[in-house]
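What follows is a short report on a single structure.
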Amino acid sequence: MRIAMKVNGVARDVEIDERMLLAEVLRGPLGLKGTRIGCLTGDCGACTILFNGELRKSCLMLAQAARDADVQTIEHCSTEIDVVREAFVEAHGFQCGFCTSGMILVAAELLNRDQEVSAADIRQAISGNLCRCTGYDNIVVSIQNALARNSDQRNKMSQDSPAG
Amino acid sequence: MPTLAEQSAVSSSIPRIDAHRYVSGKPVYTSDLLPAGCLHMALLRSPHPRARIVSLDVMKAKAAPDIVEVVTAVDLDDLKPIPAALPFRSDVEGRGTIVGRCLADGEVCYIGQPIAAVVATSVHSAQAALDLIEVEYQPLQAVLDFDEALDAGAVAAHPGWATNVVARDEIHRGDFEAALRLADVVVAGELEFAPSTAAPMEPCCFTGDWDPALERVSLTGTLQNPHTTRWMIATALNIQETAVRVVAPPLGGSFGLKMAGHPEEVLVCALARFLKRPVNYTEERWETLMAPCRRQKHRFQIAATRDGRILGFEDQFVADVGITGPGNGWSMPLVTATVFPTVYDVEHCRISATLIATNSTPWQPIRGYGKEIGNTVMERAIDLLAAHLRMDPVALRHLNLIAAGDFPKKLASGLNLDSGDYPTALEKLTKLFGYDAWRHRQSKQRQSEKVIGIGIAFELTPEGGARPGAFPSGFETATVKLLPGGSVQVLVGVTSPGSGNETGIAQLVAAELGVDARSVQVVQGDTDVTPVGTGHASSRAMLYGGTAAVLAARDLRAKVLLCAANILRAPTEGLSLEASMIRDSEGNGVLTLQEVSHQAHTNPIIVAKGTELPLEATRSFQPINVSVIPDEKGRIATYSSFPYSVHAAAIELDRETGSVKVLDYACVHDCGVMINPMLVTGQLKGAIVMGIGAALWEELAYDDQRRPLARRLKEYLLPRAIDLPEIRVGHMSTPSPYHPLGLKGAGESGVGGGIAAMLSAVADALGERRAALTRCPATPPTLLDILHDTQPF
């Protein structure tokens, strides 16, 4: 069967086997290999994507459920994702990188919410994503730094924008 | 003349040189590299711990849609056995050799043993066809537990063996019986470890391919030890190593699991050669979880004076290593035995280890490599002694630590401790943790339903394993090249599990050549390109591989300076390399590195006069603090380096539910000189959390037939972010006097301390019932059994 969806801002139309999971279609026909498969049972979070703006584990969805959806993967370019990426580089928020795609998308979604967030909130937010390498501390710090930088940037933008 | 360590003072927490690739989803793992037209393999695995295969019919499976081939042992009879990575010579009577085969031939001896391989054009079709294979089994009596394995009438778990003893070790120092006579108190205890597993986020994945023009096989896979794997494949396929190329792309974590010796490494190569097409095998999570280890049962005694001076320590343990395969996971309990009495000055020691075969899945290696178990047992004994003497556990440890001035100091096994300052580490830890404040808080909450427990634990982590006979072992090699265009490339035999050792190696080389570390390319994991080496294991990447790179970079620097001198028609004295420039004695830049390299390679007669081209150097490093000639007790010492750490934890035990919440954790760590403290800290924190998981939640559970019950990450509970507090870390540095850069090795330390500190804290929370904690992990059911036990303690 063929399905159409928007992936990272671009309209895509792909031929799929109807049994395929969204994670498999992203990695296979769509060639977006930054989405990782670690368990296929929704436990590890390595396949996390943004689906119509909400976090989803793409191994828990059939690809056909993404018909006409707006999907964002780690390959997506946005200001929030760039801020998070830089913060993960500086605070060493990754080791092997296998969970990193999912962690960065969770963090970007937190930035999008633009709310006050504590370290405990960050731990809660990433609790659906397993990391076996870091012990999580550097991921939490990376996200804290990204949130701080993001709110600085927003403040700066609102100050810079002409009144009225 | 400054020492090598002083010359290499490059300690700097720069970000990973490959960081931007990693945060953009662009590291290319094995599963991202499937060639066009790649076939997929699924494995039919034994449902019986032991059975004779009466009949095996694959005809229906072969006829199913998308199926290319179905293969059983009969089809692979031209394969030789896979050689063992550690060909351990045992004097145990009746013990056979360790033989690795890809598919079971006539008999299965553990649940999960591959019997048939289905190869299809889609992974789903391959898996679906497994159900069409018809097998008739005749179940045979199996050895299911180590308690029955040594009974007089027990059958042998291994076909062709006459015993279930895989190996034994006895370690004696002094006279433990005399210690018992001299002691005022003797405290005994038991500790049993349930199986746990490495569980990296990336499952194992192997792709075999066949090059018809060159008549070569290639394996691209999740591999810690590519050169070892190449040797195993060449041996099993009965071809030259030149006809095999092994490529190890970046790993999505490994923690020991991906060391050489999985039969699937060889199987995909055999099938690719047979079918003349690429074949991939990607584990499902339940298969990744079929990699048990750590199942050990210890009985220990500790003898001391009434004022707390430890006189003697004894530990007798058995380890259930399952069926031994070509990988070396089964050998980890042999290392457990060698770490006693860890950081403590104990004169009389008696250690006895028995490794037992049962009909269960072969062990795979895990971070800690048995050392984490020895450390946990030692700390448990100290805690029980402290409770018996009603002494503070920190004070008792202080009283018995090896003094800072007593190095080098031998362990009972003969391992030679290089350096350290354990008392200072303990003092720093109690301050960092706020030990007194935590004890105060604990005393105020003693009557509550939720009680606080405080744990303390040392971990001694022997590193740089160089066991003779293992392939390969006690050396690492690096080639450093200045390419004609001026860029720097390093080829090393060590690999990375994702720890960032390529960045550390780049930093070391960059410091020697006066270039930016970010401009240095480090090439790892390709047997056609990189020097023969062990890959990664035993924290050797920086310890041995990084050191080889420094030595090679120094040779290269001398060549470059000579070429520069030839260009300048000046002596080399006074010339130096800094910021990619050749500098004169006043520090003025006189030539770029790029100019020198280009001129040397294009105008060699003049510019390279007196040296050899190309501008590259290869050096190897071997450790000195090992001894491979048996001493008077017949022992060898094959770890060169001894990082250590001391840990403190506070937990809250809910007496109603048996659940444990980790409130606080602090660690002081010493791995000698650190190249990149940020990366070392990252490794340490990850290792500690792995230890916390193994102590509290992680368990590979089985039913009474050894069928795995943990098949998903819902049943094998890894630590999640909400389960953990911030891990607070402090570092010390006592450089190793035996290592040219003062390194001791980082990356493995922390697992043992994490397990031991957690058990210590849980036992502390149990108060008067602490001795009843005899099992790891300390899960809620285990703790409820202890809390609800009405027997007098």
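Derivation of every value follows stated rules applied to the coordinates shown; laboratory data play no part. Values in this document were obtained by computation on a predicted structure and should not be read as measured data. Using ideal geometry, Cβ is built from the backbone for each residue, glycine included, and neighbour counts are taken over all protein chains shown.
Values for this structure:
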read-out: Region B:334-369: number of residues that are among the small types (G, A, S) and either outside any loop (DSSP other than H, G, I, E, B) or free of Cβ contacts under 8 Å to residues at least 60 places away in the same chain (or both); value: 3
read-out: Region B:764-793, residues that are farther than 20 Å from B:Q447 by Cα and in contact with a Lys or Arg (Cβ under 6 Å, 6 or more places away or on another chain); value: B:T782
read-out: Where B:T228 falls short, out of the listed (1) within 14 Å of chain A (Cβ to nearest Cβ); (2) crowded, with 24+ Cβ neighbours inside 10 Å; value: (1)
read-out: Set B:Y665, B:Y702: member being over 22 Å from B:T430 (Cβ atoms) and among the hydroxyl-bearing types (S, T, Y); value: B:Y702
read-out: Matching residues in region B:723-741 - criterion: being β-branched (V, I, T) and touching a helix residue (DSSP H, G or I) at 6+ places or on another chain (Cβ under 7 Å); value: B:I727, B:V729
read-out: Any hit, region B:189-203, residues being more than 30 Å from the chain's Cα centre (by Cα) and buried (at least 21 other Cβ atoms within 10 Å of the Cβ); value: no
read-out: Sole exception among (1) more than 14 Å from chain A (Cβ to nearest Cβ); (2) under 27 Å from B:F475 (Cα atoms); (3) crowded, with 22+ Cβ neighbours inside 10 Å for B:V166, by number; value: (2)
read-out: Residue ID - surrounded by the most Cβ atoms within 10 Å (Cβ to Cβ), chosen from residues in region A:121-154 that are without any contact (Cβ under 8 Å) to a residue 24 or more places away in the chain and more than 8 Å from every other protein chain (Cβ to nearest Cβ); value: A:A125
read-out: Residue match in region A:24-35 (condition: hydrophobic (A, V, I, L, M, F, W, C) and within 12 Å of another protein chain (Cβ to nearest Cβ)); value: yes
read-out: Residue within region B:464-484 that is within 18 Å of B:K744 (Cβ to Cβ) and within 14 Å of another protein chain (Cβ to nearest Cβ) present; value: no
read-out: Identity of the residue in region A:73-116, acidic (D, E) and more than 9 Å from chain B (Cβ to nearest Cβ), that ends up nearest to B:A19 (Cα to Cα); value: A:D82
read-out: Residues of region B:743-793 that turn out to be crowded, with 24+ Cβ neighbours inside 10 Å, among the acidic types (D, E) and assigned to a loop (DSSP other than H, G, I, E, B), as a count; value: 1
read-out: Residue within region B:699-712 that is facing another protein chain (nearest Cβ under 8 Å) and among the basic types (K, R) present; value: yes
